[in-house]
Amino acid sequence: MKFSEYTIKNKEELFEEFFTDIEKGLSSQKAAIRRKRYGANTLEATSVTWFNILTRQFKSAFIYLLIAAAVLAFLLGNTFDGLMILLFVVINTVLGFYQEYKSEKALKYLKGLVVSQVKVLRSGKTHYLPANEIVPGDIIFLEVGDIVPADIRIIKEDNFYIDESSLTGESIHVKKSSEPLKNKEDQIYKAKNISFMGTTVSEGSATGIVIFTGKNTQIGKIAKLTVETVSKSGFEQHINKFSKFILILTLITLVAVFIAHFLIKGSEVSIPNLLLFSIALAVGVIPEALPLVTTFSLTQGALKLAKKKVVAKRLSAIEDLGSIEILCSDKTGTLTKNSLSVAEIFSKDEDRVLYYAALAGDLIGKKKTSNNSFDLAIFKKIGGENLLKAKKVSRLSENPFNPTRRRNSVMVEVNSENIIIVRGAHENILPYVDDMPKDYQEKIIAWVLEQGKKGRRVIAVASKNFQGNDYDVKDEERDLHFEGLISFSDPIKPSTKAAVNKAKKLGVKIKIITGDSAEVAGAVAYEVGIVKSSSEVVTGFDLEKMSYQEKISAIQNGIVFARVSPEQKYQIIEVLQKEHIVGYLGDGINDAPALKLANVAIVVDKASDVAREASDLILFQQDLKVIVDGIEEGRKTFVNTSKYIKATLSSNFGNFYAVAFASLLIDYLPMLPIQILLVNLLSDFPMISIATDNVDESEIEKPCKYNNSEIIMMATFLGIVSTVFDLLIFAIFFKSSPEVLRTNWFIESILTELALLFSIRTKVPFLKAKSKPSKIILTLTSLAAVSTIFVTFTSLGARSFGFTTPSLYSLMIIGIVIFGYFVSSEIVKVFYYKKQSESISS
């Protein structure tokens, strides 16, 4: 059946068709049966299987080079070499598959933590259920900020507007109705009583009955909307560019080596053998494990963050988190406990103002629970009989809270009279109060300012008698009677001050962007140590009056922004992004534009659906400390990935140029292709473990930024050191037999690369490093070192790889060379970073 069939049906027909009703909804038994029949409420999407991960291992230039080398070896009649090269392909494929499969399982686990919740009526009770569990016939409740979880027919609504741009492309929000249409409508924009899956509630509230779920919804039928857009971080983009640069540089060098061989050796050159040698050299220098190390590092970081109650929706956001220079946050629930309690009341009748405030709350007259912190505080304060009395009051109509109006209103029936009650920010209610004496108004303002200085939030309550059963926004903007003010205290979290201090140490500036009053925002910022004076606040009104240049300056220099609109939040993030990497923490529908714009979008787990959709990271513990810890973890991930790049490029290029140069000086290959591949395998194996390494605090004191030139310069200097010591080994052993030279160079190549890993992991001298290598690094490097030496003593090493048993003298010489190499690398490293530091400070 098409959705158009439901546009003309009335409520009774809908209830009859789906065997449900507005009072009880579906029973749990019926819901379970329908879930088996219709399946989970999810869009069909291509899931990543083990086979996808396996085939992905063969989609790289590195694998193509190895396969080409194997084919060439077979053509030359070197069957054993060809088989060994294919073995290397299998080993690399298995390693890559194992790590990516683990990463994919971790990602599925993380995504499982992020599930949208829907308010559903089942068996007469309201529940919050995962969106994928709702079924046709379910009665669901929608409010501002919700993303519609299925195609629903609206059966009750209150000033209900939907943003259907995701389906129609139309930016104008559509007013919806619960009334049946006269004629069937099969056009989405004409179906005024249908809300479609994936659209957003922009205003009002509604109750609806689910008519289609999952693949049967309109969005489920549109293939392009089921394709997930993958966002690449700045780090990933730099890595891709860098990989291309390395590949091009390698090819140019190989062409130069090829030409040099012809010029120097002429007709003596064996083109097939030289080609096989060149391919092996290319494989040896390309950092083929980079994608694997990056994925492993990000996954490790994501799992560590998950333990700290932070879930990554976008894996690359882990490293983006480490780049944050400015963190913008609403104070509510992040700096404070978000546990409000009524502090003081300003009114001639305190009981009356509390009672009216309760009547305007989110619980009265609705079959659902409330998570509105103001409501909970008010209900707790009035308690007992007054709360029971309030719950029995009949609610006739309402205008839900709107970020622009900054108030909500209801119409209730009390003692046979219709009363409109308005509740919200005092500056958005007092202008509509009728005949208020000026001196009384001055007392109100003074009281509000006094409460603000104490860091308390204030709401005003007003009312009016009304003739009729329906009203609109204009009716709440005239002839109101002032009832009073209620202030709420929200204590600072014990962890907040420590988190602010830690953020300062990490070089992260914290800015507060809130809809709260200037007094409240300033008081909280002062108490936690973000500003030196509670008056250091820029309001939305201040920004409106400024010229463009003044606004830029105020945003760049300001710390606390109060009473700002959603548009102003967006503008603030936009200005800050011109010079900084910005993280933004929000939770409401009014935060969605700023969240989409921010480099790293962070929301709490109970944020509106729209905010969650726009987010990169979701906090399951609403605490500034969690975010700051996440930034620190992101930086550690960034640093460890950078370590791999520097280490592998330095050693690989050093060995690459040394072997290529040496091949021009002798009439045999200084290292066989199969030996070069074994060097590559044994040295890369422990490199993967670098994702688990510990990080010096000095390396995470500042926001991380990917610096191509810094990595290239560092790799160049250390690569020269590597080349010098490789050639030293060549000079010592080249007069020996080819087998002796190759064996000793093989051992030296791997052990120097392993030694470099311990040098390059910190910017300070090895013995002064505060962080110790992780146990996994120590284990795998030890295993690789022992395997390197052990294989040269075996018959397999001699028969398969052309090794000869090294003498004790040779091993001692290699040991001295490795020690000299490590010391030289340390000197170059310390000297480079010292000069770099002096350059930055000057």
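The values are calculated or read from the model by the stated rules, or taken from the named source; none is laboratory data. This is a predicted model, so every value here is computed, not measured. Counting neighbours? That spans all protein chains shown, and the Cβs are built from the backbone with ideal geometry, glycine included. Just the protein is used for accessible areas: all its heavy atoms, side chains included, with ligands, DNA and RNA removed. Shrake-Rupley method; radii C 1.70, N 1.55, O 1.52, S 1.80 Å.
Rounded to the nearest 20, the Cβ-based charge dipole of the chain about its Cα centre (Lys and Arg +1, Asp and Glu -1) stands at 1660 debye. Each residue of region 394-400 was assigned a 3J(HN,Hα) from its phi angle through the Karplus expression (A = 6.51, B = -1.76, C = 1.60, θ = phi - 60°), giving 7, 8, 8, 6, 7, 10, x Hz with x at Gly and Pro. A simple spin-label model places the labels of Lys443 and Ala798 10.6 nm from each other, with each point 7 Å out along Cα-to-Cβ. Nearest 5 is fine: what % of DSSP beta bridges in the chain come out antiparallel, could you say? Around 75 percent of the beta bridges assigned by DSSP in the chain are antiparallel ones. Residue-wise HN-Hα couplings along region 769-786, as the Karplus relation 6.51 cos²θ - 1.76 cosθ + 1.60 with θ = phi - 60° gives them from phi, are 5, 7, 8, 9, x, 5, 4, 5, 4, 4, 5, 6, 5, 5, 4, 5, 5, 5 Hz; Gly and Pro carry x. A simple count of charges around Ser178, restricted to other residues whose Cβ falls under 9 Å of its Cβ and scoring Lys, Arg +1 and Asp, Glu -1, yields +2. In order along region 524-529, phi translates into HN-Hα couplings of 5, 4, 5, 5, 8, x Hz, rounded to whole numbers, per the Karplus curve 6.51 cos²θ - 1.76 cosθ + 1.60 with θ = phi - 60° and x for Gly and Pro. Under a 5 Å amide H cut-off, with hydrogens placed 1.01 Å from N, Lys156 pairs with Thr207 among residues at least 5 apart or on other chains. Amide H contacts under 5 Å for Lys313: Leu617, Ile618, restricted to partners 5 or more places along the chain or on a different chain, H placed in the peptide plane at 1.01 Å from N.
Compared with the dominant principal axis of the Cα atoms in the chain, helix 438-453 is inclined by about 30°. For Lys474, the lysines whose Cα falls under 18 Å of its own Cα, not counting residues fewer than eight places away in the same chain, are Lys175, Lys464. So what's the angle, to the nearest 10 degrees on a 0 to 90 scale, between helix 624-662 and the longest Cα principal axis of the chain? Between the helix axis and the principal axis of the chain, the angle is about 20 degrees.
With a 1.4 Å probe and all protein chains left in place, how much of the accessible area of region 658-778 comes from carbon and sulfur atoms, in whole percent? Exposed carbon and sulfur together represent 66 percent of the surface. Roughly what angle does helix 708-733 make with the longest principal axis of the chain, taking Cα atoms, 0 to 90 degrees, to the nearest 10? Tilt relative to the chain: about 20 degrees.
Each of Val639, Leu682, Thr514 was scored by the projection of its Cα onto the charge dipole of the chain, and the greatest displacement toward the positive side belongs to Leu682; charges sit on the C-beta of Lys, Arg, Asp and Glu.
If Lys and Arg each add +1 and Asp and Glu each add -1, what is the summed charge of the other residues whose beta carbon sits under 14 Å from the beta carbon of Tyr821? Mind dumping the intermediate values first?
Details: positive: Lys829; negative: Asp726, Glu748, Glu753, Glu826.
Around Tyr821, the charge tally is -3.
For region 446-592, the dipole from Cβ point charges (+1 on Lys and Arg, -1 on Asp and Glu) about the Cα centre works out to 1040 debye, to the nearest 20.
Computed per residue of the chain from DSSP H runs no shorter than four, each worth -39500 (n - 2.57), the mean residue ellipticity at 222 nm is -16000 deg cm²/dmol. Each Lys or Arg adds one and each Asp or Glu subtracts one; over the other residues with Cβ under 15 Å from the Cβ of Pro765, this totals +4. Residues whose amide H comes within less than 5 Å of that of Ile513, counting only those at least five positions distant or on another chain, are Ser329, Asp330, Lys331, Phe561 (H built at 1.01 Å from N in the peptide plane). Candidates Tyr38, Gly654, Pro773 compared by Cα position along the dipole of the chain: farthest toward the positive end lies Pro773, with charges placed on Cβ.
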